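Asks: Shown below is the structure under consideration.
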Amino acid sequence: MRTNVQPKLQFGYESYKINPANPQPALDTFLQSLALNYGVEDKINADYLSRFVPAFAIVDYDGLLLNVYKKYQGKNGEELDRVWLPKIPFSYSDNEGNVVNFTIDEDIEVYDSAMREWFYGKREEVIRDGEVTVPLLNNAEEFDQVRRTTIVNVLQENLAYYINEHNVYSKALDVTYKFALPLIDKEDWYNTVDDISILAFMQGNPYRYADEVYHEYAFVGARLNKTEQIKAGIVNGERRFWYASCGYSHKATELYSTKKQAAAAGYRELSCLNPTK
């Protein structure tokens, strides 16, 4: 779903933060796989099959990406087709008017209503100087609980709404089925809050030789390993690499995700504890 102008960051954890997702290839691949599994080879029947997928969702780093059927003004007037909705943030607000936009880790955007100012960074960084007055940020355990609940609520509320809205278009799509968000275990919902995930729903597709319909959902997550970035460059005439957190001012000419990669490129580690070694 992602391409990066810096190939070295393509599969790194930081790429998920700074590089927006391109979700269309994920949807195209899913629909193509669906058609293959149903033995559908022509575009017309593949398109008809996709009408039984009321919602296709991606839990991105900082919000929900949702693909649904919707009417819009096209070149030939009003048209009905699959569209990507604007990203829906994982947003929480309290009674004082403070706003916290969560991500799938501790990076946040915070609006402090008392200060009338936005703050950005990890929870610990935002509260470090003691200026921010948002109570939620003071307790790490409560923060994580509210973050998880907020993300799950955003998923449930929006999926329930848009899957139900699919019924508005079912007649125009030549589909006869009452679409609704299925009952899903709480554990399945909470497994989505720490990963970049795909959520797909298929409902109401009639069996070829039976008077029954097929309906199922699938959640697929990609666990993110939060590996620290490794920098490499020439230090005192030698090829050395070091962790970004060491805070060295040495000019880095290469970036790696593992020490093994840096060593394979001919660099030797520069210790944070002993910078002369």
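Asks: Could you calculate the contour length gain from residue 88 to residue 174, that is, 0.36 nm times the residue separation minus the distance between their Cα atoms, to one decimal place in nm?
Replies: On the way: separation 86, 0.36 × 86 = 30.96 nm, distance 2.92 nm.
My answer for the length gained is 28.0 nm.
Asks: Stretched out fully, how many nm does the piece from residue 124 to residue 80 gain, at 0.36 nm a residue minus the Cα gap?
Replies: 11.2 nm
Asks: Now for a separate question. Measure up 122/231; 70/186; 70/171; 70/122 against 25 Å on the Cα-Cα distance and list the ones that go over. The partial results should precede the final answer.
Replies: Values: 122/231 22 Å; 70/186 29 Å; 70/171 13 Å; 70/122 36 Å.
Result: 70/186; 70/122 exceed 25 Å.
Asks: Sticking with this structure for a sec: Residue separation times 0.36 nm, minus the C-alpha to C-alpha distance between residue 106 and residue 258: what's the value?
Replies: Values: separation 152, 0.36 × 152 = 54.72 nm, distance 2.25 nm.
Length difference between fully extended and current span is 52.5 nm.
Asks: With label points built 7 Å along Cα→Cβ from the Cα atoms of residue 243 and residue 188, find their separation and express it in nm.
Replies: Once both label points are built, they end up 3.9 nm from each other.
Asks: Tally Lys and Arg at +1 and Asp and Glu at -1 over the other residues with C-beta under 12 Å from the C-beta of residue 50: what net charge comes out?
Replies: Details: positive: 43, 51, 82; negative: 28, 47, 81.
Around residue 50, the charge tally is 0.
Asks: Of the listed peptides 98-105, 32-39, 130-137, 51-58, what is their order by residue-averaged count of other C-beta atoms within 10 Å, with the highest listed first? All intermediate terms of the calculation are to be shown ahead of the outcome.
Replies: On the way: 98-105: 20.6, 32-39: 12.5, 130-137: 15.2, 51-58: 22.8.
Top to bottom by mean Cβ count within 10 Å: 51-58, 98-105, 130-137, 32-39.
Asks: Taking the Cα-to-Cβ direction at residue 146 and at residue 72 and moving 7 Å from each Cα, how far apart do the two end points lie in nm?
Replies: A separation of 3.5 nm, rounded to one decimal place.
Read the figures in this text as sums done on the coordinates, not as results from a lab. The structure displayed is predicted, hence computed values, not measured ones. Reconstructed Cβ throughout: ideal geometry from the backbone, glycine too, with neighbour counts over all protein chains shown.
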